[in-house]
Amino acid sequence: MKVRRWVVAGVALAATTALAACAPPSSDDNSSDGSSGGTDAKTATSADDFGGMDALVKAAQKEGTLNVIALPPDWANYGNIIKAFQDKYDITVKSDQPDAASQDEINAAKQLAGSDRAPDVFDLGQSVALANTDLFAPYQTENFADIPAEFKDPDGTWVNDYGGYMSIGYDSSKVPDVANVSDLLGSDFKGKVALNGDPTQAGAAFSGVVMASLANGGSADDIAPGVDFFKKLKDAGNFLPVDPTAATIESGQTPVVIDWDYLNAAETAKLPSWKVVVPADADPVAGYYFQAINKDAPHPAAARLWQEFLYSDDGQNLWLAGGARPVLADAMVEAGTIDQEKYDALPAVNGEPVIPTNDQTEKMAAYLADNWAKAVG
């Protein structure tokens, strides 16, 4: 399970050092410029710069490869998304470090810069994405105009892709039923409550602290009560410093997990006693991940074709099939192209959703950087 999570996710040093030593592609390597008909794919800002989608597909197929990172197969249906892209375009997707965090994606891009092993694209939590926009290449997919303005950079430097609500998943055979964040302080939860990642690096963990803050008198402008809650959780002996995965959940190692609803919900099919709740003592915390292209992508045409696929009806419906809420859902409902059955099956959420602004996220991230390790680390 990806150790980074929504609106707002390590690369092993030995592995990255070895990869960084790889020689960059030679000048006659198809992946070095992704050019097609005189077009430099690294600077293309839309399919029109290639001469249209057919030309983009041709350029991407000439490269033949797409490098992705931090995309677990069971995260928002990414396993099927990758397979569908490969099958449709006959392009090999190389998936590296599937359980890495958002910050690890950025670290890999820097460490592997100039190598044909560098990530072509990013899928990032908000705080990490906004701190690294200088690494992104602007690109607008064919339906860019249909994406609401609040969910994209005007130039397409980053675009929100899918999201959900922060939740608590728990094994009802091991702990009492959970309704509120405050329940987790009870003695029945000793050594059992896991947060999906480090909130200074992982989007899901970040939003988990926001959820705890809202349940304890805080707000999207004040994450301090959330940090205080996790300190209390640790002092009570209830906080479990283990990054949860499908394996730790199913083995019973992490019987309570704070994570996105679509990730927790995915476990219910594997573990019948697993339940998911969006806590009643806080307004629901909502958020989207950020999609971006590495400006130094070794396969720049394939990176842009990947974006076109993700924001197509097929790509958006595949995220929906994974229980995530696609950013183009409203436009697709209006156009009649959404998978209505799966859309109707999304769990109802009560309360006014809290979606931190970019400015609020940056300020909360700064507070976490200064205070999380002192309180919980």
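Each reported figure results from applying straightforward, stated rules to the coordinates on display, with no laboratory input. Note that the structure is predicted; figures quoted are calculated from it, not measured. Heads up, the Cβs are rebuilt from the backbone with ideal geometry, glycines too, and the neighbour counts pull from every protein chain shown.
The table that follows gives values for the structure above.
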read-out: Radius of gyration and Dmax over the Cα atoms of the stretch 80-120, both given in Å; value: 11.9, 31
read-out: Protection proxy ranking of 222-232, 202-212 - average other beta-carbon atoms within 10 Å, highest first; value: 202-212, 222-232
read-out: Beta bridges by DSSP in the chain, antiparallel share as percent, to the nearest 5; value: 70
read-out: Order by protection proxy (mean Cβ within 10 Å, highest first), peptides 294-303, 63-72; value: 294-303, 63-72
read-out: Principal axis box of the chain, alpha-carbon based, largest edge first, Å; value: 66, 48, 38
read-out: Ranked list, fewest to most other Cβ atoms within 10 Å of each Cβ, for Tyr289, Tyr311, Tyr262; value: Tyr311, Tyr262, Tyr289
read-out: Sequence-distant lysines (8 or more away, or on other chains) whose Cα lies within less than 26 Å of Lys88; value: Lys2, Lys42, Lys58, Lys62, Lys295, Lys342
read-out: Cα centroid separation, the stretch 54-117 to the stretch 134-194 (Å); value: 21
read-out: The stretch 306-351: relative contact order in percent, alpha carbon pairs under 8 Å with at least 6 residues between; value: 32
